[in-house]
Amino acid sequence: MGQTENDQARAHGSGSGELPPGQRRQRGWPVLHYGPVPRFKPLSWDFQVFGATADGQKHSWDHPRFSTLPHTAVTADLHCVTRFSMLGSHWGGVTARTVLDLVPPAADTTHVMVWAEYGYSANLRLADFAHPSTVFATHRNGEALTVEHGFPVRLVVPGLYAWKGPKWVRAVEYMTADRRGFWEERGYHNLGDPWAEQRYSYQEQPGDGPEF
Ligand SMILES: Nc1nc2c(c(=O)[nH]1)N[C@H]1C(S)=C(S)[C@@H](COP(=O)(O)O)O[C@H]1N2
Ligand SMILES: [Mo]
């Protein structure tokens, strides 16, 4: 019996250590992002969950309280759409599942938007967000993230291209319909599965994403 697409995504999502098509292995960890590196302001920093929450309320954690949330370790690869992949990192942080448990979404939630400093955003299907290895990482290989790599918190979504993982995360928005994030509005694929080489929006099939 063949694997379903979902089983495959799950297997890859947990950090298979394999190279997706069209990718090459990168040793070391490049820094890549659009715009400036934000300065961390501990007093005003918060992590918000808003939109279609089950109780209709916005929730937020300040930095000391966010730091007390349960931590999990996840082994996962990072695949940049510019074709480098960094295989086999150990990420430490708060899983998306923990966030979903602490702030349950309304029953009709289908997607989330993850928001970062300066308005960077990435949209995800709820199922991809809820994958057990999707993690709001604070550490890699036992060390706190540097500011260039997203300190204090960056998202890692192992089964998708790395642009789906905002650095400097500040909020999660629960959504009852899909909406394009920063790169998804600028010509990148709405779904971004590296195993299917979903790089650009012109490759989208009907149903892969909302109209522009
Ligand atoms: N806030 C923010 N997060 C971002 C980006 C960005 O431009 N801004 N770029 C994404 C892209 S395209 C990649 S490949 C990874 C790179 O992460 P790194 O610099 O830690 O290697 O960050 C992702 N997260
Ligand atoms: Mo990237």
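Residue-by-condition table, conditions (1) more than 16 Å from Tyr174 (Cα to Cα); (2) in contact (Cβ under 8 Å) with a residue 60 or more places away in the chain; (3) within 16 Å of ligand 1 (Cβ to nearest atom); (4) among the aromatic types (Phe, Trp, Tyr):
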position	(1), (2), (3), (4)
Met86	yes, yes, yes, no
Pro104	no, no, no, no
Ala144	yes, no, yes, no
Gly150	yes, no, yes, no
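The set of residues in segment 53-103 being over 20 Å from Ala144 (Cβ atoms) and in contact with an Asp or Glu (Cβ under 7 Å, 6 or more places away or on another chain) consists of Ser60, Ser85, Leu87.
Within segment 26-38, residues that are on the phi > 0 side of the Ramachandran plot sit with their Cβ atoms under 7 Å from residues that are near ligand 1 (Cβ under 9 Å from one of its atoms) and open to solvent by 80 Å² or more (accessible area, probe 1.4 Å), at 6+ positions apart or across chains, in these pairs: Gly35/Tyr118.
Within segment 116-138, the set of residues being assigned to a strand (DSSP E or B), of a type in the set (A, V, I, L, M, F, W, C) and within 22 Å of Glu197 (Cβ to Cβ) comprises Ala122, Leu124. Listed by position, the strands (runs of 3 or more DSSP E) contained in segment 18-92 that have at least 2 residues being within 16 Å of ligand 2 (Cβ to nearest atom), surrounded by 14 or more Cβ atoms within 10 Å (Cβ to Cβ) and not basic (Lys, Arg) are 72-79. Looking only at segment 139-168, residues that are more than 16 Å from ligand 2 (Cβ to nearest atom) and either part of a loop (DSSP other than H, G, I, E, B) or open to solvent by less than 30 Å² (accessible area, probe 1.4 Å) (or both) come to 7 in all. Looking only at residues of segment 183-201 that are in contact (Cβ under 8 Å) with a residue 60 or more places away in the chain and open to solvent by less than 30 Å² (accessible area, probe 1.4 Å), we find that the one that is farthest from Gly159 (Cα to Cα) is Glu184.
The values are calculated or read from the model by the stated rules, or taken from the named source; none is laboratory data. None of the values given here were measured: they were computed from a predicted structure. Neighbour counts are summed over all protein chains in view; Cβ atoms, including those assigned to glycine, are modelled from backbone coordinates with ideal geometry. Each accessible area value is taken on the protein alone, full model and side chains, heavy atoms only, with ligands, DNA and RNA left out. Shrake-Rupley method; radii C 1.70, N 1.55, O 1.52, S 1.80 Å.
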